[in-house]
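As structure tokens, the structure follows; a few thoughts come after it.
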Amino acid sequence: MKQYTAAFERNREPIAGALREALGDCRRVMEIGSGSGQHAAWFASEFPHVSWCPTDLAAMLPSIDAWRQECGLDNIEPARALDVLSLDWPAIEFDAVVTINTLHIVSFEGVRSILAGAAGRLPPGGLMFVYGPFRFSGRALEPSNANFDAWLRERDPDSGLRLFDDVDGIAARHGLRFERDVPMPANNHALWWRKSPSDAGE
Ligand SMILES: C[S@@+](CC[C@H](N)C(=O)[O-])C[C@H]1O[C@@H](n2cnc3c(N)ncnc32)[C@H](O)[C@@H]1O
């Protein structure tokens, strides 16, 4: 039932470092595409003042809940089903959205849904935090990311590394103001946005 990802062992500390700066006084995080559930359990222990709400496609929920039960923390909530392509988001309130290694997996429509769905539900000042590999205009893709991108597209032509400007353009149209890009090991990035005080979203 419990799934493991090797990448988790490598990226949990760098991501926790970026989250420490980004989360500030956020109190309830909705995580999108929680995967195995290892990050949720780890971040719940790293950030005891935050209630962590993991979500993913229904098939992933048993693994997330197995990690939740094993860690025994009361600031991680039972996993909820969320397919970002549906309009059926869990009816919960949160002041931060965190998504790790998902924007290059879901289709571009999925990227739009994540940003629009989060922006439409975050309060002013709320956090949208994304971790993963990205393309940046005017910069060649690093060889490791170019290989990864080719592998992803071969597997699923709708997936692949996203151009930061495209992601930021969607975010801006939905009232999310870009705040920080923190380079992470292995050519990944922690990127975050804040919901604008005036709701300029579409
Ligand atoms: C590469 S995994 C990352 C998992 C985890 N965040 C991590 O970093 O270990 C991508 C995740 O996106 C989820 N996912 C794919 N399509 C999705 C969709 N339409 N809605 C929600 N989650 C989706 C997958 O189930 C998977 O857990």
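Determine which member of the set Cys71, Cys53 is surrounded by fewer than 22 Cβ atoms within 10 Å (Cβ to Cβ), over 21 Å from Arg155 (Cβ atoms) and not charged (D, E, K, R). Give the steps one after another, and end with the answer.
Numbers: Cys53 fails: surrounded by fewer than 22 Cβ atoms within 10 Å (Cβ to Cβ).
Only one candidate qualifies: Cys71.
Go through the stretch 128-170 and give me each residue that's aromatic (Phe, Trp, Tyr), within 16 Å of the ligand (Cβ to nearest atom) and in contact with a helix residue (DSSP H, G or I) (Cβ under 7 Å, 6 or more places away or on another chain).
To start, the set of residues in the stretch 128-170 that are aromatic (Phe, Trp, Tyr) comprises 129, 131, 134, 136, 148, 151, 164.
Next, from what is left, pick out any that are within 16 Å of the ligand (Cβ to nearest atom): 129, 131, 134, 148, 151.
The answer is Phe129, Tyr131, Phe134.
Can you tell me which residues in the stretch 13-58 are within 18 Å of Ile92 (Cβ to Cβ), under 16 Å from the mean Cα position of the chain (by Cα) and in a helix (DSSP H, G or I)?
Hits for the stretch 13-58 are Leu23, Ala40, Phe43, Ala44.
Applying the selection to the stretch 105-116, what residues are of a type outside the set (A, V, I, L, M), open to solvent by 10 Å² or more (accessible area, probe 1.4 Å) and within 11 Å of the ligand (Cβ to nearest atom)? Please lay out each step first, then the result.
Going residue by residue through the stretch 105-116, those that are of a type outside the set (A, V, I, L, M) are 107-110, 112-113.
Next, only the ones that are open to solvent by 10 Å² or more (accessible area, probe 1.4 Å) stay: 107-109, 112-113.
Once the filter is applied, which keeps residues that are of a type outside the set (A, V, I, L, M), open to solvent by 10 Å² or more (accessible area, probe 1.4 Å) and within 11 Å of the ligand (Cβ to nearest atom), the stretch 105-116 yields Ser107, Glu109, Ser113.
Taking Ser198 as meeting all but one of (1) within 30 Å of Ala6 (Cβ to Cβ); (2) of a type in the set (Ser, Thr, Tyr); (3) surrounded by fewer than 16 Cβ atoms within 10 Å (Cβ to Cβ), write down the number of the exception.
(1)
Which residue out of Gly169, Gly175, Gly160 is more than 15 Å from the chain's Cα centre (by Cα) and closer than 16 Å to Arg121 by Cβ? First the steps, then the outcome.
Details: Gly169 fails: closer than 16 Å to Arg121 by Cβ; Gly160 fails: closer than 16 Å to Arg121 by Cβ.
Answer to the check: Gly175.
Out of everything in the stretch 13-39 that is touching a Ser or Thr at 6+ places or on another chain (Cβ under 7 Å) and farther than 25 Å from Arg177 by Cα, what residue ends up being farthest from the ligand (Cβ to nearest atom)?
Ranking the qualifying residues of the stretch 13-39, first place goes to Gly37.
Out of all the residues in the stretch 169-192, is one or more outside any strand (DSSP E or B) and free of Cβ contacts under 8 Å to residues at least 12 places away in the same chain?
The initial filter retains those residues of the stretch 169-192 that are outside any strand (DSSP E or B), namely 169-175, 185-187.
When the remaining residues are screened for being free of Cβ contacts under 8 Å to residues at least 12 places away in the same chain, the result is 169, 172.
Within the stretch 169-192, one or more residues are outside any strand (DSSP E or B) and free of Cβ contacts under 8 Å to residues at least 12 places away in the same chain.
In this structure, does Ala40 turn out to be closer than 21 Å to Met184 by Cα and in contact with a Cys (Cβ under 8 Å, 6 or more places away or on another chain)? Walk me through it before giving the result.
Working: closer than 21 Å to Met184 by Cα: yes; in contact with a Cys (Cβ under 8 Å, 6 or more places away or on another chain): no.
It is false that Ala40 is closer than 21 Å to Met184 by Cα and in contact with a Cys (Cβ under 8 Å, 6 or more places away or on another chain).
Inside the stretch 123-165, can you point out the residues that are open to solvent by 70 Å² or more (accessible area, probe 1.4 Å), in a helix (DSSP H, G or I) and without any contact (Cβ under 8 Å) to a residue 12 or more places away in the chain?
Pro143, Asn147, Trp151, Arg153, Glu154, Arg155
Run down Asp56, Asp88, Asp83, Asp65 and say which single residue is more than 25 Å from Gly24 (Cα to Cα), within 12 Å of the ligand (Cβ to nearest atom), modelled with pLDDT of 95 or more and among the charged types (D, E, K, R). Talk me through it step by step, then tell me what you get.
Working: Asp56 fails: more than 25 Å from Gly24 (Cα to Cα); Asp88 fails: modelled with pLDDT of 95 or more; Asp65 fails: within 12 Å of the ligand (Cβ to nearest atom).
Among Asp56, Asp88, Asp83, Asp65, only Asp83 is more than 25 Å from Gly24 (Cα to Cα), within 12 Å of the ligand (Cβ to nearest atom), modelled with pLDDT of 95 or more and among the charged types (D, E, K, R).
Does Arg10 meet the test of being within 14 Å of the ligand (Cβ to nearest atom), part of a helix (DSSP H, G or I), among the basic types (Lys, Arg) and farther than 16 Å from Val97 by Cα?
On the way: within 14 Å of the ligand (Cβ to nearest atom): yes; part of a helix (DSSP H, G or I): yes; among the basic types (Lys, Arg): yes; farther than 16 Å from Val97 by Cα: yes.
Answer is yes for this residue.
Being in contact (Cβ under 8 Å) with a residue 12 or more places away in the chain and assigned to a helix (DSSP H, G or I) is the filter here, so list the residues in the stretch 59-77 that pass it. Let's see the steps before the verdict.
Applying the first criterion (in contact (Cβ under 8 Å) with a residue 12 or more places away in the chain) to the stretch 59-77 yields 60-68, 70-71, 73, 75-77.
Result: Met60, Leu61, Pro62, Ser63, Ile64, Asp65, Ala66, Trp67, Arg68, Glu70, Cys71.
Could we say that Val84 is in contact with a strand residue (DSSP E or B) (Cβ under 7 Å, 6 or more places away or on another chain), open to solvent by less than 20 Å² (accessible area, probe 1.4 Å) and assigned to a loop (DSSP other than H, G, I, E, B) here? Full working, then the answer.
Values: in contact with a strand residue (DSSP E or B) (Cβ under 7 Å, 6 or more places away or on another chain): yes; open to solvent by less than 20 Å² (accessible area, probe 1.4 Å): yes; assigned to a loop (DSSP other than H, G, I, E, B): yes.
When the stated conditions are applied, Val84 passes them.
The values are calculated or read from the model by the stated rules, or taken from the named source; none is laboratory data. Quick caveat, the model's predicted, so the values are computed rather than measured. When we count neighbours, we look across all protein chains shown, and the Cβ atoms used for this are built from the backbone with ideal geometry, even at glycine. Surface accessibility is based on the protein's heavy atoms, side chains included, excluding ligands, DNA and RNA. Shrake-Rupley method; radii C 1.70, N 1.55, O 1.52, S 1.80 Å.
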